[in-house]
Protein chains: 2
Amino acid sequence: MSARQVTLAEVAKQAGVSLATASRVLNGSTRQVSEELSDRVLRTAEQLGYVPNASAQALARNSSSLVGLVVHDITDPYFSCIAAGVTRVAEEAGLSVVLGTTGRRPEREVELLSTLRAHRARAVVLAGSRTTDRSAQSRLAAEIDAFTELGGRVACVSQAKLGTDTVVPGNRAGGRALARSLAELGHKKFAVLGGPSDLVVARDRLAGFKAGLADAGIAPPVVINGAFTRDGGYEAALELLASKSRATCVFAVTDVMAMGAMAALRERGVRVPEDMSIAGFDDIPTLRDTVPALSTVRLPLEEMGEIAAGLVLDAGGDEPRTVRVAGEVVLRASTAHN
Amino acid sequence: MSARQVTLAEVAKQAGVSLATASRVLNGSTRQVSEELSDRVLRTAEQLGYVPNASAQALARNSSSLVGLVVHDITDPYFSCIAAGVTRVAEEAGLSVVLGTTGRRPEREVELLSTLRAHRARAVVLAGSRTTDRSAQSRLAAEIDAFTELGGRVACVSQAKLGTDTVVPGNRAGGRALARSLAELGHKKFAVLGGPSDLVVARDRLAGFKAGLADAGIAPPVVINGAFTRDGGYEAALELLASKSRATCVFAVTDVMAMGAMAALRERGVRVPEDMSIAGFDDIPTLRDTVPALSTVRLPLEEMGEIAAGLVLDAGGDEPRTVRVAGEVVLRASTAHN
DNA sequence: GGAGCGCTGGAAAGCGCTTTCCCGCCACGC
DNA sequence: GCGTGGCGGGAAAGCGCTTTCCAGCGCTCC
């Protein structure tokens, strides 16, 4: 069992060349090696089934081939889509993605970053949404600094004032545009299932939505906060119904929450969209086949992951770059005229 | 920029102890260190912001803290659920998960395994379903051997005759039980959207389903093959409709395919379940709120991921272990009496 | 009282690779 | 003919850590 690994030294010896030459052949250094030796090395490597030891390489080169990806919950389609984009780009660049999940605990994010630093990951994409908790923010910022000090790059998806490269979805603008579109359908009274009040993404979408309503001269919506999950949407919707609100249209700040909300409405005999219109945000691909089809703001999630990975992988200048990604309002069957 | 990292040597020097002592303090070796020195080391490490270099540790210890996870498509909820289970267990064990996606290309699986071998990952979970392609299988088997030779462990989720630890979902049994349940609803003519004909998972579910129908004395179903995706289900359903089959009940071998199929039926004005009953397989959590609610065979996907990670992480004997996981038929609104 | 033992601390030899530095060789220009 | 420079090859010095081995110390036990 556990046969000793084949080392470069063995390959070199077997091929009758020095360690240096073997190394040069097997990893395209700047130095030339004569075709004869090169061939011999390649052949013996092949024959012995040589695979370089990534740890040793990382150590010697002082840079690894790892890219970090930190998400809250890989089960959430929002994150899995972003993850798909990130992994595609990373794998094309010959890098390996190490996936960390925080379960929405900010301190976990810091831990993961520290682990990634230990691995000397060359870059990290932080896909989780930020909170407004100052102390968590500052600890995270400190970790990010430590990470970049070591020469690693960091990019965030979603709003983040952390001095890193960032992919910023148009949360505010999207919320606003959505509100206007819904107002055009004739709705006058709105409710928002707003997620946790300390989550930047949720706040932005809500703020945008409010602004959009204001644009249309409509009174501010009832806002019900809750968890940023399917169950959060479900609970919030129940609460809304219990509150006897007169709203005819509900905006859930994510599609996933909207799904939960629709389930709650259905259980209570509230028809969508006849009795209540409902809209979400994200346009999760997996959820596009639901009935009634969900009105939402489409975000190119996979592309966002690709962009983030792109930012973080090509060195770029020192200036933190920001790429804005627009959301597009998509009205479907879950919202009706009023 | 890129301030040199803090090394163990610096910590040791600063604390006025030897490298050996510092190392022993900072990673719980078997050796005792006096409280005084230990404290001093801990304090200076803290103060300097020391983070061990994982590559160096891996090299010196000849074992890394990486666990591989190979899936076809992280966007597919089937895989993201399994991934959640694997990452949870791995992170609890203090290990990092490196995620690889194959895009359903068998050769990519081999590449990823080789990369993982380069990283000396201590274990790998292969979550993608196997094909019946002999040559791909044998190349994969060779890679797996090479990997285990180095002392790494491998576990597969789903059927696999590769001599590794395996988590085997009850695909056959589940398909069979589902067929019986549907037969009890009074259906006499069935169709199956069977996925790719060379995918073991798909074949098993289909075979089980056929057996179940046979148990109930019902004629074999029409089988339409297609891609193992939402679109595959959509296309297959269209094909089914075009074929003028008399089937009153369709079994799609995955929930995701069933979603696609339902979309196709809806577009063609076929009502579910009034005109056509439909059932899936997996019971994807994200899809549970769809209307009509999908009848399916529930698999504890996250738990399967946890089990696989568990198998692969606790050393175990040499005997490849197999854990069987039963599917449970869940009849919901998408299937009606006939 | 000395041999033997257990215990703590340090020196140093690796782990497998990259890369610098040096050496010998050849082609070239004066 | 000799200095120069370029080029292909090898020796060896690390990269940051772990771990073996040894030294020294304070005990206990004949």
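The values are calculated or read from the model by the stated rules, or taken from the named source; none is laboratory data. Quantities reported herein were computed from a predicted structural model and do not represent experimental measurements. When we count neighbours, we look across all protein chains shown, and the Cβ atoms used for this are built from the backbone with ideal geometry, even at glycine. Heavy atoms of the whole protein, side chains included, go into the accessibility calculation; ligands, DNA and RNA do not. Shrake-Rupley method; radii C 1.70, N 1.55, O 1.52, S 1.80 Å.
Whenever a residue of the range A:289-302 is more than 14 Å from chain B (Cβ to nearest Cβ), its partners that are of a type in the set (D, E, K, R), lying with C-beta atoms within less than 6 angstrom and at least six residues away or across chains, give the pairs A:Ser295/A:Arg332; A:Thr296/A:Asp255; A:Thr296/A:Asp283; A:Arg298/A:Asp283; A:Arg298/A:Glu328; A:Leu299/A:Asp282.
Screening the candidates A:Arg271, A:Arg288 for the property of being closer than 21 Å to A:Val222 by Cα, among the basic types (Lys, Arg) and in contact with a Leu (Cβ under 9 Å, 6 or more places away or on another chain) yields one hit, A:Arg271. Just one of (1) more than 16 Å from DNA strand D (Cβ to nearest atom); (2) closer than 28 Å to B:Ala45 by Cβ; (3) surrounded by fewer than 23 Cβ atoms within 10 Å (Cβ to Cβ); (4) within 8 Å of chain B (Cβ to nearest Cβ) fails for A:Ala118. It is (1).
Taking A:Arg172 as the residue in question, decide whether it is at pLDDT 95 or above, under 25 Å from A:Ile74 (Cα atoms), open to solvent by 30 Å² or more (accessible area, probe 1.4 Å) and of a type in the set (Lys, Arg). Yes; evaluated as a whole, the condition is true for this residue. Return a yes/no flag: does the range B:39-55 have any residue that is within 11 Å of DNA strand D (Cβ to nearest atom), open to solvent by 30 Å² or more (accessible area, probe 1.4 Å) and in contact with a Ser or Thr (Cβ under 6 Å, 6 or more places away or on another chain). No, the range B:39-55 contains no residue that is within 11 Å of DNA strand D (Cβ to nearest atom), open to solvent by 30 Å² or more (accessible area, probe 1.4 Å) and in contact with a Ser or Thr (Cβ under 6 Å, 6 or more places away or on another chain).
Among the conditions (1) buried (at least 16 other Cβ atoms within 10 Å of the Cβ); (2) away from chain A (no Cβ under 11 Å); (3) within 8 Å of DNA strand D (Cβ to nearest atom), the only one that B:Val6 does not satisfy is (2). Just one of the numbered conditions (1) open to solvent by 10 Å² or more (accessible area, probe 1.4 Å); (2) within 8 Å of chain B (Cβ to nearest Cβ); (3) not hydroxyl-bearing (Ser, Thr, Tyr) is not true of A:Gly100: (1). Scanning the range A:40-56 for residues that are more than 8 Å from DNA strand C (Cβ to nearest atom) and either within 14 Å of another protein chain (Cβ to nearest Cβ) or under 26 Å from B:Ser65 (Cα atoms) (or both) returns A:Ala45, A:Glu46, A:Gln47, A:Leu48, A:Gly49, A:Ala54.
Scan the range A:244-271 for residues that are in a loop (DSSP other than H, G, I, E, B) and at pLDDT 95 or above and the total you get is 8. Of all residues in the range B:66-76, exactly one satisfies the criterion of being open to solvent by less than 10 Å² (accessible area, probe 1.4 Å) and facing chain A (nearest Cβ under 7 Å), namely B:Ile74. Looking at the structure I just gave you, is B:Asp255 closer than 25 Å to A:Ala293 by Cβ, open to solvent by 10 Å² or more (accessible area, probe 1.4 Å) and within 14 Å of another protein chain (Cβ to nearest Cβ)? When the stated conditions are applied, B:Asp255 does not pass them.
For A:Val25, the conditions (1) crowded, with 20+ Cβ neighbours inside 10 Å; (2) assigned to a loop (DSSP other than H, G, I, E, B); (3) within 11 Å of DNA strand C (Cβ to nearest atom) all hold with the exception of (2).
To keep it simple, each residue is scored yes or no on (1) in the same structural domain as A:Cys156 (by TED's automatic domain parsing); (2) modelled with pLDDT of 95 or more; (3) of a type in the set (Gly, Ala, Ser); (4) within 16 Å of DNA strand C (Cβ to nearest atom).
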| site | (1), (2), (3), (4) |
| --- | --- |
| A:Val17 | no, no, no, yes |
| A:Ala20 | no, no, yes, yes |
| A:Ser29 | no, no, yes, yes |
| A:Ser38 | no, no, yes, yes |
| A:Gly68 | yes, yes, yes, no |
| A:Val86 | yes, yes, no, no |
| A:Thr102 | yes, yes, no, no |
